[in-house]
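Values quoted throughout were computed directly from the atomic coordinates according to the rules given, and no laboratory measurement underlies them. Only a predicted model underlies this, so the values are computations on that prediction, with no experimental measurement involved. Neighbour counts run over all protein chains shown; Cβ positions are idealised from the backbone, glycine included.
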Amino acid sequence: MILAIFLGSLVFLMVLGMPIAFALMLTGIALMYHLNFFDAQLVAQNMLSGADVYPLMAVPCFILAGELMNAGGISRRIITLASSMVGHIQGGLGYVAIAATLLLGCFSGSALADTAAVATLLIPMMRDNGYPVPRSAGLIAAGGVIAPIVPPSMPFIIFGVTTNTSISSLFVAGIVPALLRALGLVLVWRMLASKMEVKLQPKCSWAERRKAAVDALWALILPVIIVGGMRGGFFTPTEAAAVAAVYALLVSLFVYREVKFSQLKGLLVAAARTTSTVMFLCAAALVSSYMVTLGDLPAMVTDMLGPVMHEPRLLMAVVMVLLLAVGTVMDLTPTILVMGPVLMPIMKMAGVDPTYFGVMFILVGTLGLIHPPVCTVLNVVCGVAKISLESATKGIWPFLAIETVFVFLFVIFPQIVTYPMHLFH
């Protein structure tokens, strides 16, 4: 009955068009009434506790860092560097898009911000050079969802806080899957690009490449500082976010000088708006999460999954299919907040490594960002490219297919994720 009330309330409120944060809060209140446990003060306390979590301080800092990087010309320099290296080969601008989304993911960890930056700069260039726009949009959207699985990843931070999983371990464990996802996109794009008749970019001289590399050097140092600092024990993920924000501010103001002091207010307001949305989601989610735990919902789901509990790979495959289905109707952050607290106890009971599960959870969740009907990342690219969602969906399917294949490859061979992770411990 508790499971029916939880799912029924949440789905009903979402169908009504209620914002997901309010839907989560009211779902928790519905469970309180069912369990004869309602207390308005308890609702307020849980919401306060949901936002008052030290690791979540990383979220506003990384969001601010992303805003500063885009405004400060860091994103443009990364794309210029990639273009100077591979822009001249067949399908070169596609490889530029993949490299740019991978590198930019190392700065802000936000799929939406990175995809918007890359699409704004590259879609017009690809259109002018004869690339099919739907296919180009699909590639950039598929590359954009690499950002949530490379450090610093905001979804990893939220997942770590929600499920009490080591954020540093999640950061390290996401590196190899991110590189393999990028490699998969390269292979698919190579097959598609060989059949395209496009205008090639002029080949840059080594002097031009060195100039682009030197110009982007300040941008390339940041991920080294973040990952190296965390693995070296110099600072925590939360402190790394503050370092990233300060570094981006100094580089944008005093090195590249593309951000003026007069612009800072607008950038801070934009970062604050995004932060408030994420933090309110986290606060509201703790109300439902608290009642999910109190109502022993994980135990009920465990009973339903009983036949596969002793087969970790089969259990993981079933959960991945479930998350794929959830991702078609729910954005990534709400999926983490709703499903994370329910599924993590089950995976621990089955002997699945929590960090491995966290990486797999986010990998699958990112597919919902580019799969209709929700597909927030794909919608951003559609807006930039000025094409319909239907056209972009036709363009993205080969890339979506290879990313799905990699997910289930990691299910069959979990060592691909876990072995590199343990090397760093």
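Points to keep in mind about this one:
- GNM remark for the chain: springs join alpha carbons under 10 Å apart, and the peak mean-square fluctuation among 325, 99, 141 falls on 325.
- Inter-site label distance for residue 314 and residue 42 at 7 Å from Cα along Cβ, in nm: 3.8 nm
- Between helix 133-144 and the chain there is an angle of about 60 degrees, using the helix long axis and the longest principal axis of the Cα atoms.
- With a Förster radius of 25 Å applied to the beta-carbon distance between residue 386 and residue 129, the computed FRET efficiency rounds to 0.90.
- Stokes-Einstein translational diffusion, the range 97-172 - Kirkwood Rh over all Cα pairs, 1.002 mPa s, 20 °C, in µm²/s: 166 µm²/s
- Gyration tensor verdict on the range 42-88 (Cα atoms; rounded if a/c is under 1.5, prolate if a/b is larger than b/c, oblate otherwise): prolate
- Between helix 389-412 and the chain: long-axis angle, C-alpha atoms, 0 to 90°, nearest 10: 70 degrees
- Positive-end extreme of charge dipole, the chain - chosen from 277, 202, 318 (charges on Cβ): 202
- Placing unit charges on the Cβ atoms only, positive for Lys and Arg and negative for Asp and Glu, gives the chain a dipole magnitude near 1460 debye about its Cα centre.
- Normalised by residue count, the chain yields a Cα convex hull volume of 141 Å³ per residue.
- Mean Cα-pair separation over length for the chain, i.e. relative contact order, pairs under 8 Å, 6 or more apart, %: 27 percent
- Taking 0.36 nm per residue of separation and subtracting the current Cα-Cα distance, fully stretching the chain between residue 89 and residue 190 would add 35.3 nm.
- The distance separating the Cα centre of the range 359-425 from that of the range 290-357 comes to 19 Å.
- Relative contact order of the range 300-425, pairs being alpha-carbon contacts under 8 Å that are 6 or more residues apart, as %: 26 percent
- Taking a point 7 Å from the Cα of residue 12 along the Cα-to-Cβ direction, the residues of the range 267-307 with backbone N closer than 18 Å to it are 288, 292.
- Taking 15 Å as the cut-off, the amide N atoms of the range 62-106 that come nearer than this to a point 7 Å along the Cα-to-beta-carbon line of residue 206 belong to 85.
- With the simple spin-label model, which puts each label point 7 Å out from Cα in the Cβ direction, the residue 231 to residue 250 separation comes to 2.3 nm.
- Full-extension gain in nm, residue 401 to residue 33, via 0.36 nm per residue minus C-alpha separation: 128.1 nm
- For the residue pairs 195/386; 203/386; 199/260; 211/260, the alpha carbons lie more than 31 Å apart in 199/260.
- For the range 16-67 versus the range 203-227, the inter-centroid distance based on Cα atoms is 41 Å.
- Calculated [θ] (222 nm, deg cm²/dmol) that DSSP helices of n ≥ 4 give over the chain, each run adding -39,500 (n - 2.57): -24500 deg cm²/dmol
- Longest segment of the chain lacking GluC sites (Glu not before Pro) that sit in a DSSP loop with at most 16 other Cβ atoms within 10 Å: 1-196
- Counting all C-alpha pairs of the range 243-312, share separated by more than 19 Å (%): 63 percent
- Dipole orientation for the chain: of the candidates 193, 158, 6, 193 has the Cα lying most toward the positive pole (charges on Cβ; Lys, Arg +1; Asp, Glu -1).
- 3J(HN,Hα) from dihedral phi, the range 27-40, Karplus parametrisation 6.51/-1.76/1.60, rounded to Hz, x for glycine, proline: 5, x, 5, 4, 5, 4, 4, 4, 8, 6, 10, 5, 7, 4
- Each principal axis of the Cα cloud of the range 336-388 was taken in turn, and the coordinate range along them, longest first, works out to 48, 18, 13 Å.
- For trypsin sites (Lys or Arg not before Pro), the sites in the range 235-279 that DSSP calls loop and that have at most 12 other Cβ atoms within 10 Å are 257, 260.
- Residue 413-residue 239 FRET efficiency (beta carbon distance; Förster radius 35 Å; 0.05 resolution): 0.55
- Footprinting exposure proxy for 196, 154 (fewest neighbouring C-beta atoms within 10 Å first): 196, 154
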